[in-house]
Every structure is written in structure tokens, then in C-alpha cells.
1. Expected output is a single nm value to one decimal: the length gained when fully extending between GLU135 and LEU61, i.e. 0.36 nm times separation in residues minus the C-alpha distance. What is it?
2. Within the set LYS90/LYS134; LYS55/LYS150; LYS90/LYS162; LYS134/LYS161, which residue pairs have Cα atoms separated by over 28 Å?
3. Straight-line reach from LYS123: which aspartates and glutamates have Cα under 18 Å away, leaving out those fewer than 8 places along the same chain?
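A short reminder: the numbers here are calculations on the coordinates, not readings from a lab. Everything quoted here is computed from the prediction, not taken from an experiment.
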Amino acid sequence: MLQHGDEMNAASTNQQAVPSPRVRATKSALAPGRPFPQPFNSSLSINPSPTKTMKAIVTGLALMLGTVLYAPAADVEANWNKHCASCHGKDGSGDTKMGKKAGAKDYRDPAVQASIKPEVALKNVKQGMKEDGKEKMKPFADKLSDDEIKELIAYIKKFEKK
Ligand code: HEC
């Protein structure tokens, strides 16, 4: 890495008749074609690490691209984690404190999957589910659109263990 001190050293020893081997090595690395390197030192401090800047740009671009390409998938997953996972679990197992209390079934089980009918499920998620007057699942009609709920019901399919 270029050191302020090294360059100063190389320049100030330019006039020396017999430079020491260490100084000569520094000179050959930095001095060629640059008789007065000192004034240019300022440019080094403005941008101390071009590599870091490049990394930041590349990371930024990758993030932007990722957002554009995966936005729909992230939406349904985000909705699941925000509204549903507290009971049904991130993995659909229903193995959460609230899920156990409410009686959420294990959506990894193919038999449970088979019992879920999309039209019925849409109605149930919109209006909520009650058993003996006790709420099992709260209604989501005011929080999510029909399309969002349909997406979530389709998303549940991916939990099935074949
Ligand atoms: C308060 C806990 C709770 C939350 C939060 C919750 N559920 Fe449920 N849900 C249940 C329970 C309990 C059942 C009935 C047992 C079962 O099927 O797991 C159920 C049933 C379902 C069913 C099956 C309906 C049917 O017709 O068989 C679907 C589909 C479903 N939930 C989707 C969702 C979605 C999507 C969300 C998020 C928007 C959600 N649930 C949020 C507790 C919850």
C-alpha cells in the first residue's frame, strides 16, 4: 500500500548520490515518471480505498437487482412471516406457542395439505375461524387483499413434505 511517508522519502532522497538499497526499492516502485509526487499525495487521501468504493457500488447494484427480480416472492414470504408464522410457524409446522394454543395443524403433513380446499381456505382466512365460539384464527379481510390471501394459501403448499 502507498504510504505518504514512503513517497516523501523517495522524493527527498531523489537527489542523493548513493541511495541505500531500501530507498532504491521504494523509488523504483513509486517514482518512475513522477518527479514531484508530493502534490499528488492529496488525491490519495480523498479516496483512500478505491477497492472499498467498488465493493460498495457492486453490492448496491446486486441489492437493487435482487429487489427487482425477487419482489413478488419476498412479498408473500414477508406476509406469511408477518401475519401467519406466529401460529403456523415459518415452516408451516404450527409448532409455535400461539400455534399450539390455537390448535394449528402441521402443514408439512400431506394429509393435512389434502384437507385444505383453496376456496374454503380463502373464506376461512378472510373471515377467521371459530370453534365453540372461541376464535382459532382471526379474520384477515381487513389486513390482506383476496389476491394476497390466495398467494399465501398457494405458499402453504411448499411446506408439504413428500
Ligand atoms: C392466531 C393464530 C393464527 C394465525 C395468526 C393464522 N392462523 Fe391460519 N389457522 C389457525 C388455526 C388454529 C387453524 C385451524 C387448524 C389448522 O388448519 O391449522 C388455521 C387454519 C388455517 C387454514 C386452513 C383453513 C381450512 O379451510 O382448512 C389456512 C389456509 C390458514 N389457516 C392460513 C393462514 C394464513 C394465510 C394466515 C396469515 C394471513 C394465518 N392462517 C394466520 C391459526 C392461525
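1. Roughly 22.0 nm would be gained on extension.
2. LYS55/LYS150; LYS134/LYS161, as the Cα separations exceed 28 Å there.
3. Output for LYS123: GLU131, GLU135, ASP142, ASP146, ASP147, GLU148, GLU151.
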